């Protein structure tokens with residue numbers, strides 16, 4: 001009997017142990033399961049507003065960042081909100097505001113019934129419906145890339161998660177409910193919500209007499225704990241932005257400050273109710289204040305409070321500390337719930353660089369980027385205009401020998417000075433830039449300083465001057481790439497985070513300069529070298545070509561596919577010309593095959609990387625090769641269409657096209673006039689002539705294979721064309 005009891009006890013202990021072991025993972029899984037995501041939308045919030053004491057607690061517990069607010073169209077409220085919900089830049093102008101509680105009356109009938117009429121989808125009780133969904137789809141169909149309206153809401157719904165939205169930005173009796181486009185699915189439906197007049201409270205001091213009822217919104221937030229993804233729209237700053245033409249500035253400033261305090265207090269109240277180890281709080285300003293947009297300040301603040309802790313935000317979309325895009329928010333929500341973002345979502349999930357939130361540093365970064373953004377166009381336009389005038393003056397002086405408006409030696413000096421501008425633009429971020437005047441003054445001073453050194457070297461040997469300037473420019477750009485572009489990302493002659501076309505790697509401006517400078521430096525070095533040493537110089541130039549190509553092509557460095565095509569082909573052509581190889585059909589096919597194999601390998605490498613780590617090269621490959629043959633053809637067509645459209649636009653409206661056409665046209669003209677001069681140049685400087693051919697090839701390739709190819713083609717010529725013009729001004733040539 002005792003043995004049986006003992007056996008039963010042992011069996012019971014074993015059963016209890018097994019039960020504990022089986023239950024333990026479940027308990028751990030329950031603890032590790034994500035909580036909910038709350039996105040508080042404070043449209044028109046400025047970075048300076050976060051300095052209010054009302055935001056102090058939230059800022060201290062958050063990761064801070066600046067968000068690019070570009071859309072598929074103009075930067076307005078409708079487009080910025082819908083872009084967040086789509087995870088890609090879309091257009092929703094004139095349609096995004098038309099959202100209602102399903103029970104609200106629209107056209108004398110419940111909005112839910114009207115929604116069913118328009119979509120064929122039944123609206124559940126307590127849901128929110130968007131009556132402009134068909135129009136938003138229609139507006140976004142013509143974009144030159146694939147989009148999915150309501151991609152975030154669709155993904156969450158398909159995963160069985162509940163979406164919700166509270167609040168509105170209604171103004172002057174007109175519904176303004178763009179926040180619904182963040183949470184809605186592709187059919188325009190949100191599971192739960194309150195977006196009607198019940199979220200407003202009468203306030204005789206507020207323009208229009210109504211403002212946000214923060215107590216009502218917080219009560220709804222507390223009651224709807226079963227909503228997994230909740231968007232709360234605090235619309236007062238948006239209402240004040242709409243009222244700015246109807247309210248005196250002093251009154252507007254006072255009301256705005258009061259609204260910032262109310263918004264900050266509400267956010268802090270919500271934050272305290274959430275579990276920072278399980279829940280995620282996002283504070284987002286989809287659209288900057290209108291006066292900021294007019295002043296060129298188009299980045300808006302974004303705060304993230306949750307399991308990642310405080311610090312600074314970043315993402316693989318930008319690879320920039322403190323800078324993210326509005327397309328990154330949808331993938332962030334997806335990643336929080338362990339979901340794979342739709343292929344149409346072009347952003348990457350936010351990451352946090354741990355540390356103390358640095359609001360002062362973030363403001364300094366924003367001020368620096370805005371300053372560079374605002375002075376870039378006038379400085380570059382001024383430089384390019386003068387360059388066009390110089391090229392035309394040189395060509396006319398060469399062709400019409402009797403024309404002596406400017407002495408040739410002065411034109412030669414001017415050519416050398418103007419060639420120093422790209423290097424000056426690269427080095428400028430090393431120096432203080434307290435204001436627009438100092439940026440302009442600094443770049444002029446640096447350009448003149450580089451020019452003086454180059455002109456002094458040219459008095460001893462023009463070839464040495466060209467080799468030194470071209471080599472120094474190429475080496476500086478390559479070195480900057482290997483160091484993580486600390487200079488290029490703040491340069492006048494580089495990409496603009498406010499524009500948002502590119503955030504990392506090498507942009508088309510410096511890519512063109514680098515390719516042109518590298519070929520020119522190699523050609524001049526071979527010209528300078530003694531015959532016995534030329535094989536070694538050529539070997540060194542080839543090695544530098546390969547290093548430059550690696551820097552441009554590497555997804556972690558330059559990440560420029562158009563530049564990779566340009567560099568690989570033009571470098572190969574130039575080396576073969578230097579070697580004196582005859583271009584047979586077999587050689588051309590072999591060279592083309594080798595380059596295609598290299599590009600295919602690079603694309604495959606990028607395609608096989610994780611989606612979060614892919615550069616835009618891998619993202620494009622993912623779009624093209626991620627579906628069936630029909631979708632692949634469509635996506636390839638969209639890519640080509642976008643490149644062609646961008647180049648046509650640049651050819652029509654930018655000064656880059658005039659620089660490119662002036663440089664290329666001048667070179668073509670010099671092939672024929674004066675008669676025999678080009679042949680003399682070719683015989684006297686054979687390697688320079690071959691380098692010039694390589695530069696022209698690079699310029700044409702840059703034009704064809706880049707989104708903004710006109711820009712790249714023009715900058716290839718900045719250091720590529722002047723040596724020919726310089727030597728054609730020589731009397732003895």
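For the pair residue 244 and residue 582, what calculated FRET efficiency results from E = 1/(1 + (r/R0)^6), where r is the Cβ-Cβ distance and R0 = 51 Å, to the nearest 0.05?
On the way: r = 70 Å, r/R0 = 1.38.
That pair, residue 582 with residue 244, gives E of 0.15.
With the crude spin-label approximation of a point 7 Å out along Cα→Cβ, what separation in nm comes out for residue 704 versus residue 444?
4.1 nm
Kindly identify segment 60-191 as rounded, prolate or oblate by the Cα gyration tensor criterion: order the square roots of the eigenvalues as a ≥ b ≥ c, call it rounded if a/c is under 1.5, otherwise compare a/b with b/c, prolate if a/b is larger, else oblate.
Taking the square roots of the gyration eigenvalues as a ≥ b ≥ c, segment 60-191 is rounded.
Could you put 447, 318 in order, starting from the residue whose Cβ has the fewest other Cβ atoms within 10 Å?
447, 318
Subtracting the Cα-Cα distance from 0.36 nm times the residue separation, let me have the gained length for residue 53 to residue 543 in nm, one decimal.
170.6 nm
If R₀ is 22 angstrom, what is the calculated FRET efficiency for the pair residue 105 and residue 201, using the beta carbon separation as r and rounding to 0.05? Each step should come with its number before you reach the end.
On the way: r = 21 Å, r/R0 = 0.95.
Taking R0 as 22 Å, the efficiency between residue 105 and residue 201 is 0.60.
Kindly provide log₁₀ I(q)/I(0) values, in the same order as q = 0.05, 0.08, 0.11 Å⁻¹, from the Debye equation applied to equal alpha-carbon scatterers of the chain.
Scattering profile of the chain, log10 relative to I(0): -0.32, -0.72, -1.12.
How high is the relative contact order of segment 35-357, in percent, with contacts defined as C-alpha pairs under 8 Å that are six or more residues apart?
It comes to 30 percent, rounded to a whole number.
Could you tell me which of rounded, prolate or oblate describes segment 366-728, using a ≥ b ≥ c as the square roots of the eigenvalues of the alpha-carbon gyration tensor, with rounded for a/c under 1.5 and, failing that, prolate when a/b is larger than b/c and oblate otherwise?
Oblate.
How high is the relative contact order of the chain, in percent, counting Cα pairs under 8 Å that sit 6 or more residues apart? Working shown, then result.
Values: 1324 pairs, mean separation 101.0, N = 733.
In percent, rounded to a whole number, it is 14.
Counting other beta carbons within 10 Å of each Cβ, put 388, 74, 380 in order, fewest first.
74, 388, 380
Which percent, to the nearest 5, of DSSP beta bridges fully inside the chain are antiparallel?
55 percent
In which sequence would 586, 319, 89 go, from the one with the fewest C-beta neighbours within 10 Å to the one with the most?
Listed from fewest to most nearby Cβ atoms, that is 586, 319, 89.
Below 8 Å between Cα atoms, with a sequence gap of 6+, how large is the relative contact order for segment 124-184 in percent?
Numbers: 41 pairs, mean separation 20.7, N = 61.
Worked out over segment 124-184, it gives 34 percent.
If you take the square roots of the eigenvalues of the alpha-carbon gyration tensor of segment 35-357 and sort them as a ≥ b ≥ c, do you get rounded (a/c under 1.5), prolate (a/b over b/c) or oblate?
rounded
Read-outs: derived from the displayed coordinates by stated rules, not from any lab. Keep in mind it's a predicted model, so treat the numbers as computed, not measured. So basically every Cβ, Gly included, is an ideal-geometry build from the backbone, and we count neighbours across all protein chains shown.
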